[in-house]
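Undergrad: Take this structure, written in structure tokens, and hold onto it; I'll ask about it next.
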Amino acid sequence: MAQLNIKPLAATHMACTAAMMAFVAVIGPVARAIHLAEWQVGAVLTVGGVLWMLLSRPWGSMGDRQGRRKALLAGTGGFILSYGAMCALLVLALHTPLPNWMVFVGLMLTRGAVGAFYAAVPAVGQALIADHLPADRRAKALATVGAANGMGLVVGPAMAAALTQFSLVAPLLAIGLLPLLAFVLLRRSLPTSAPDTRSERTQVRMTDARLRRALAAAFVAMVCVYVAQVNVGFFALDRLGLAPHDAIGTAGSALTAVGVALIGAQLAARFIPLAPQRLLRLGALVSAAGFGCMPFAGTPVELVAFYFLAAAGMGWIFPSFAAMAANAVQPREQGAAAGLVGAAQGMGVVAGPLVGTFLYQAGPGVPYAIACVLLGLVAAWPGAAEGAGAD
């Protein structure tokens, strides 16, 4: 197989994730300044996840039909244009009085487009790795890309915090340049020709038995991630009894620890000599331990430590289910399979906040206990082979 330089692909993941996380970090204050309601902000954030879920598979299939280079450049280019349009709308709304409905509809369209085009990055990127690397090296390469994605989770909010002193949209404008630089790197480095995957195309479905375990793990992982994200601030307020300012600081520390743990665990995964199925089981057990301890957290230090432990396990889960999906299918099915993994993650992005906030009403520790059970089920999944794919 031809060698693939994954550094530009990793840089693209980091840049796009940093850009999206910067938007999440600043949208609250910006929304107050332009008089958007909380439900409108929630809808704007949700639409991106919904379109990511719906379009991951079409992007993956496009990569199968038309080549990875064309699909990945189209997705990254569309992300840049959509993100730029979203930033321009916010700048205009901050400096020119606009009707509330116009700003809301504009943000729904542009943020939705950001999610729709971002769907190409993980779907086509995973298939690209599967095209160029043998089965025993895919998990390590995917872990490297995942570590870069984790860096984006940390870099985006950190740059947002540093740049908001200049203006509310300064972080978006500055961080928005990162995907542009990544696009230039991709255009120069991506192979001009891809393996021939266009003949004898087959339909890979969500119910495909070969992918069942990987898709279930992808969905559960994203549900648990968003359960943790949406409830951390509430938990600090209600269970730890912190004042609002202290709760914000504790939540920020916990989410920073999550980013650090994801980066470290995925880098460490490159040196762990386990097959993807076994690494998935190990990661699920470690993450389940972190979530299982959360109902007993009584101090900010314990909360941060348990979030770190849960995220470390997630750092092994993410590259494992991606590698399992790639190893389970034939070369001509790689894009479609990666797209289905992205769709399963997108469903988790949509379901996680809803499940997390609903379960929280039963008690601060309940969402974490349910997450622990779900991860335990992932770890206990029978380890029989799930289909033979081509290396």
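Undergrad: Scan Ala328, Ala338, Ala297 and give me the residue that is buried (at least 19 other Cβ atoms within 10 Å of the Cβ), aliphatic (A, V, I, L, M) and within 18 Å of the chain's Cα centre (by Cα).
TA: Ala338
Undergrad: Going through Val341, Val301, Val329, Val286 one at a time, which residue ends up being of a type in the set (Val, Ile, Thr) and without any contact (Cβ under 8 Å) to a residue 24 or more places away in the chain?
TA: Val301
Undergrad: Another question, then. With respect to Val155, determine if the residue is at pLDDT 80 or above, in a helix (DSSP H, G or I), over 20 Å from Gly252 (Cα atoms) and β-branched (Val, Ile, Thr).
TA: No: the conditions fail for Val155.
Undergrad: Only one of these is at pLDDT 85 or above, within 20 Å of the chain's Cα centre (by Cα), part of a helix (DSSP H, G or I) and small (Gly, Ala, Ser): Gly77, Gly42. Name it.
TA: Gly77
Undergrad: Within the stretch 356-391, how many residues are surrounded by 15 or more Cβ atoms within 10 Å (Cβ to Cβ) and modelled with pLDDT of 85 or more?
TA: Residues that pass the stated criteria total 18.
Undergrad: Evaluate the stretch 27-34: report whether one residue or more is within 19 Å of the chain's Cα centre (by Cα), surrounded by 17 or more Cβ atoms within 10 Å (Cβ to Cβ) and not acidic (Asp, Glu).
TA: Yes, the conditions are met somewhere in the stretch 27-34.
Undergrad: Right, here's the next one. Filter the stretch 300-324 for residues that are touching a Gly at 6+ places or on another chain (Cβ under 9 Å), surrounded by 23 or more Cβ atoms within 10 Å (Cβ to Cβ) and of a type in the set (A, V, I, L, M, F, W, C) and give the result.
TA: Phe306, Ala310, Ala311, Ala312, Met314, Trp316, Ile317, Phe318, Ala322
Undergrad: Take the residues in the stretch 99-116 that are free of Cβ contacts under 8 Å to residues at least 12 places away in the same chain and hydrophobic (A, V, I, L, M, F, W, C); name whichever of them is farthest from Ile175 (Cα to Cα).
TA: Ranking the qualifying residues of the stretch 99-116, first place goes to Trp101.
Undergrad: With respect to His13, is the statement that it is under 18 Å from the mean Cα position of the chain (by Cα) and of a type outside the set (Gly, Ala, Ser) true?
TA: The answer is yes for His13.
Undergrad: Another one. Do we have any residue at all in the stretch 98-113 that's crowded, with 24+ Cβ neighbours inside 10 Å and either at pLDDT 85 or above or among the β-branched types (Val, Ile, Thr) (or both)?
TA: Yes - at least one qualifying residue is present in the stretch 98-113.
Undergrad: Can you confirm whether Ala312 is in contact with a Cys (Cβ under 6 Å, 6 or more places away or on another chain) and at pLDDT 90 or above?
TA: no
The values are calculated or read from the model by the stated rules, or taken from the named source; none is laboratory data. Only a predicted model underlies this, so the values are computations on that prediction, with no experimental measurement involved. Heads up, the Cβs are rebuilt from the backbone with ideal geometry, glycines too, and the neighbour counts pull from every protein chain shown.
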